[in-house]
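The values are calculated or read from the model by the stated rules, or taken from the named source; none is laboratory data. This one's a predicted model, so the numbers in the text were calculated from it and none came from an experiment. Here Cβ is always computed from backbone atoms with ideal geometry, including for glycine, and neighbour counts include all displayed protein chains. We work out accessible area using only protein heavy atoms, side chains counted, and drop any ligands, DNA or RNA first. Shrake-Rupley method; radii C 1.70, N 1.55, O 1.52, S 1.80 Å.
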Amino acid sequence: MKKIFIFFLINIIILLFLIFLIEVIIWFQDNENLRKQGLFPSNIQRLTFHSGIKNFEFDPKTFPRPENNWGRPVVGLEYNKKPIVIFGCSFAYGFSLNNEQTFSYKLSKLAKVPVYNRAENGWGIQHMLYQSKLDEIYKQIPEPEYVIYVYIIDHIRRLYLIEFSSWNILEEQQNLRYKEKNGQLIEIQNRNPILRQIKRLYFVNKIHHSYVKKFILRKGNEKNFYDFAFKHFAEAKTEMEKHWKNTKYVIFFYEYKKEDKYLKDKLKDIGYILIDKPDLTNENLRSSKYFLTNNHPNENAWDLLTPLIIKKLNINE
């Protein structure tokens, strides 16, 4: 019995050492990749090794706080018109752009309307849904003329990931996610202490990223993951309509693929206004003229697109 115990103990120690070694290798390699991509500010050399699990937290009373790089400021409160609210990710937020270069700022100044930017880096459809359930935002934002969601292809993948990017994985920042239960979307709380420790591991997240890409988002499974995305859009619209009954809801497909037609048809059926990039321009938005080296729109892109969106939606009329 003692030999068996020692055998298992040795194997557990070896397993833990291997896990530790794998974690260190991933931590070092991802830090190097982030550094080479120029994503570290000057005061950061590398991210700390397993600094602690960080659940998704959002306090609507402290968002936005642009002085802390947390969201964009409200623009155009001097205009006496119904506002516009923008949701989305770093595209809508304006990653690597000054405030005056962003979609929300240009939209406000060109259309002469107040604009509330409710987007952040790494966010997705689930973050619009989350905010739509908070009473506080309806106290902060008067009924808007339009709600505009800026959609990119990666938003589908983000619905499933434990932690979104290499940065989030190294920082152990848990992604906001929902699961479907009895036909309803329920927020995943990440409260199980054992699962929390498993989900924080770098290699577990790497494996999960691969699983999402190869199995959940595989060709032939489009109906399932588009249906899941549709439920997020539909529930968010339903929640907002409880407070904003006269608002028009828009999705701007900054990026798209032909398979999106299934999702688009369902969204049209529930009253979303859809704008495709080809509806606006034939310009290649992925060219260096309109795209930064970190794979985000530059100011030229929004200089091109913003007046076209305004015209498409007749915002000035």
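Here are a few things to note about the model shown:
- Within region 280-297, residues that are in contact (Cβ under 8 Å) with a residue 60 or more places away in the chain sit with their Cβ atoms under 8 Å from residues that are open to solvent by 80 Å² or more (accessible area, probe 1.4 Å) and assigned to a loop (DSSP other than H, G, I, E, B), at 6+ positions apart or across chains, in these pairs: Asn294/Gln37.
- Only one entry of Lys36, Lys54, Lys112 meets the criterion of being open to solvent by 30 Å² or more (accessible area, probe 1.4 Å), of a type in the set (Lys, Arg), touching a residue at least 12 places away in the same chain (Cβ under 8 Å) and farther than 21 Å from Tyr249 by Cα, and that entry is Lys54.
- Complete set of residues in region 186-212 that are within 20 Å of the chain's Cα centre (by Cα), charged (D, E, K, R) and within 24 Å of Tyr130 (Cβ to Cβ): Glu187, Lys199, Arg200
- The criterion of being open to solvent by less than 60 Å² (accessible area, probe 1.4 Å), in a helix (DSSP H, G or I), in contact (Cβ under 8 Å) with a residue 40 or more places away in the chain and not charged (D, E, K, R) holds for Ile310.
- Every residue from region 1-44 that is farther than 18 Å from Phe203 by Cβ and touching a helix residue (DSSP H, G or I) at 6+ places or on another chain (Cβ under 8 Å): Leu39, Phe40
- Odd one out for Ile13 among (1) under 27 Å from the mean Cα position of the chain (by Cα); (2) not hydroxyl-bearing (Ser, Thr, Tyr); (3) not in a loop (DSSP other than H, G, I, E, B): (1)
- Filter pass, Tyr130 being surrounded by fewer than 16 Cβ atoms within 10 Å (Cβ to Cβ) and either in a loop (DSSP other than H, G, I, E, B) or not small (Gly, Ala, Ser) (or both): no
- Among the residues of region 24-61, the ones that are assigned to a loop (DSSP other than H, G, I, E, B) and of a type in the set (Val, Ile, Thr) come to 3 in all.
- One residue from Leu176, Leu185 being at pLDDT 95 or above, within 28 Å of Leu47 (Cα to Cα) and in contact with a His (Cβ under 8 Å, 6 or more places away or on another chain): Leu176
- Subset of region 62-104 (residues that are polar (S, T, N, Q) and assigned to a loop (DSSP other than H, G, I, E, B)): Asn69, Asn80, Ser96, Asn98, Thr102
- In region 58-67, of all residues being open to solvent by 60 Å² or more (accessible area, probe 1.4 Å) and without any contact (Cβ under 8 Å) to a residue 24 or more places away in the chain, the one that is farthest from the chain's Cα centre (by Cα) corresponds to Glu67.
- When Tyr256 is tested against (1) at pLDDT 95 or above; (2) within 30 Å of Leu34 (Cα to Cα), only condition (1) is not met.
- Filtered by the rule that a residue be open to solvent by less than 30 Å² (accessible area, probe 1.4 Å) and closer than 28 Å to Arg35 by Cβ, region 297-307 gives Pro297, Asn298, Ala301.
- Number of the exception - Trp70 against (1) among the hydrophobic types (A, V, I, L, M, F, W, C); (2) open to solvent by 10 Å² or more (accessible area, probe 1.4 Å); (3) touching a Phe, Trp or Tyr at 6+ places or on another chain (Cβ under 7 Å); (4) at pLDDT 95 or above: (4)
- Pairs, first in contact (Cβ under 8 Å) with a residue 60 or more places away in the chain in region 88-104, second assigned to a helix (DSSP H, G or I) and among the hydrophobic types (A, V, I, L, M, F, W, C), C-beta under 6 Å, six or more apart: Phe103/Trp302
- Hits in region 267-286 - residues which are loosely packed, with under 15 Cβ neighbours inside 10 Å, part of a helix (DSSP H, G or I) and among the basic types (Lys, Arg): Lys268
- Only listed residue being farther than 23 Å from Gly271 by Cα and of a type in the set (Asp, Glu), chosen from Glu180, Glu136: Glu136
- Lys139 open to solvent by 10 Å² or more (accessible area, probe 1.4 Å), among the charged types (D, E, K, R) and not in a loop (DSSP other than H, G, I, E, B): yes
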